[in-house]
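Beneath this line is the structure, given in structure tokens, with notes to follow.
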Amino acid sequence: MKTKRSRRRVAAAAVTATAVVAAGLASGLLKNPFDPADASAIPSVRPGCSVAQLTRGWSAGTLHLAVRDVDTDRSLAGIRADEPAATGSTMKVLTMAAAVTTLGADTRLTTRVLQGADPGAVILVGGGDPTLSRLPSGQSSVYPQAPHLDALAAETLAARQADPRLADVPITTLEVDSSLFGGPAWLPTWSDSARTTGSVSNITALMVDGDRDDPTNEYSKRGDAAVMRAADAFAPLLGGSVRVDPALVTAPAGATKLASVESAPVAELARYTLTHSDDTLAETLGRLVAVNAGTGSTFDGIQGGTGGSLDRLGVSADGLRLADASGLSSDDAVTATAMTRLMVQVARRDHGLGPVDDGLSVAGRTGTLAENGRFQTSNREAAGRIRGKTGTLDDMYGLTAIADPRAGHRVAFTIWAERVPAGTDPATARQAVDGLATALYRCGAGLTP
């Protein structure tokens with residue numbers, strides 16, 4: 001997991017929890033009893049597939065669990081399922097669901113250049129796209145299909161050259177408008193190390209390469225002046241000696257548009273965010289949802305923006321507390337029931353949620369579910385059969401996912417291990433979560449309380 005999280009050691013009790021699951025698997029109690037000839041039937045209750053048995057001895061922190069049958073939306077089991085809890089990066093599922101349904105899967109984020117009031121001035125206007133790159137066109141950053149500053153500059157110069165009033169006027173001043181996002185750029189509950197270790201940038205409406213020092217390194221250190229980094233990279237591309245005005249402006253209504261570049265579609269941004277657990281993309285998309293919904297342009301607007309999207313998807317916002325959009329804040333709180341209800345819809349690809357499903361990591365194959373050897377040695381029988389989003393905080397490990405059993409109904413589930421004791425080993429905590437997930441995969445919709 002990212003170095004922004006402080007590392008812990010799982011106590012021997014967490015090993016016990018995994019051992020209980022492993023014993024059940026080894027004994028054959030959890031063998032899949034589905035009849036391949038009747039995969040559509042709801043499986044009957046079977047030995048070894050009760051939540052009480054699977055979680056007996058669980059000590060990897062406080063367990064929150066919700067499991068639902070995808071095909072029937074029937075609740076199969078719950079432990080503290082309706083108690084709001086911290087989410088870690090599983091929060092990104094909520095944010096990406098809101099983004100694709102509110103902003104639209106085909107929407108692209110636009111960065112513009114407008115003509116300033118002075119003939120020698122142009123205004124660079126941020127549209128909330130952190131993928132905009134300062135690398136030359138043809139060179140790839142960490143982001144797929146990223147737009148480039150040099151293309152934006154070339155279009156700007158061509159537009160001015162085509163205007164008789166501006167053709168012979170050199171650009172002397174670059175003004176900058178990042179007013180789309182308001183409020184503080186950094187949440188006080190985020191650790192400062194999240195910036196220095198490359199997990200998240202200041203959240204501004206204008207930045208380049210997620211404000212990474214190295215645009216090609218996913219976990220490159222982020223800066224503390226994202227807007228000016230973008231402006232300083234753009235100014236030399238405009239020819240001659242162009243001064244960057246340090247006083248941020250708000251572009252006047254009716255200013256002439258000179259040029260624009262667009263990001264990849266929101267659907268692609270959502271897929272990338274989930275697979276790579278990109279905090280900056282999550283935060284900017286969450287902020288754009290709030291702006292679109294009219295709930296605000298600051299961190300405070302995320303609650304109403306994403307919460308309203310969930311309401312429209314029929315997911316209860318009871319107990320929902322969204323301090324941010326990425327799940328970095330320990331102040332975030334969601335119920336496992338709400339998360340799992342949303343995952344049911346993701347699995348069904350209802351409401352245009354296909355891009356969210358497509359972005360989930362696959363156990364042992366892609367994204368964070370393939371990091372650190374997950375599902376590649378222990379629990380490898382579930383490799384390729386579980387897809388989901390992981391989450392980690394200082395004392396929390398989680399997974400919200402969809403399991404595709406070899407026969408029978410799919411299940412959606414959320415596992416959160418909260419308040420994991422200090423000093424625990426992250427590898428062992430993840431193993432406890434993955435072991436339970438593997439058991440849920442084997443039991444499928446035959447799971448009982």
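FYI, it's all coordinate maths here, none of it is from the lab. Remember, predicted model here, so these are calculated numbers, not experimental data. Here the Cβ is made from the backbone with ideal geometry for all residues, glycine too, and neighbour counts use every protein chain on show.
Results, tabulated for the structure shown:
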{"item": "Unmet requirement for M339, which otherwise passes all of (1) touching a residue at least 60 places away in the same chain (Cβ under 8 Å); (2) crowded, with 22+ Cβ neighbours inside 10 Å; (3) more than 19 Å from M396 (Cβ to Cβ)", "result": "(3)"}
{"item": "From the options T87, T72, T55, T110, residue that is in contact with a helix residue (DSSP H, G or I) (Cβ under 9 Å, 6 or more places away or on another chain), among the hydroxyl-bearing types (S, T, Y) and closer than 29 Å to L269 by Cα", "result": "T87"}
{"item": "Residues being surrounded by fewer than 17 Cβ atoms within 10 Å (Cβ to Cβ) and basic (K, R) - total across region 353-375", "result": "1"}
{"item": "When residues of region 246-295 are limited to those that are assigned to a helix (DSSP H, G or I) and of a type in the set (K, R), the one surrounded by the fewest Cβ atoms within 10 Å (Cβ to Cβ)", "result": "R271"}
{"item": "Candidate set from region 89-135 (those that are among the polar types (S, T, N, Q) and in contact with a strand residue (DSSP E or B) (Cβ under 7 Å, 6 or more places away or on another chain)); member that is farthest from G314 (Cα to Cα)", "result": "Q115"}
{"item": "Of all residues making up region 412-449, the number that are among the basic types (K, R) and either buried (at least 24 other Cβ atoms within 10 Å of the Cβ) or under 10 Å from L399 (Cβ atoms) (or both)", "result": "2"}
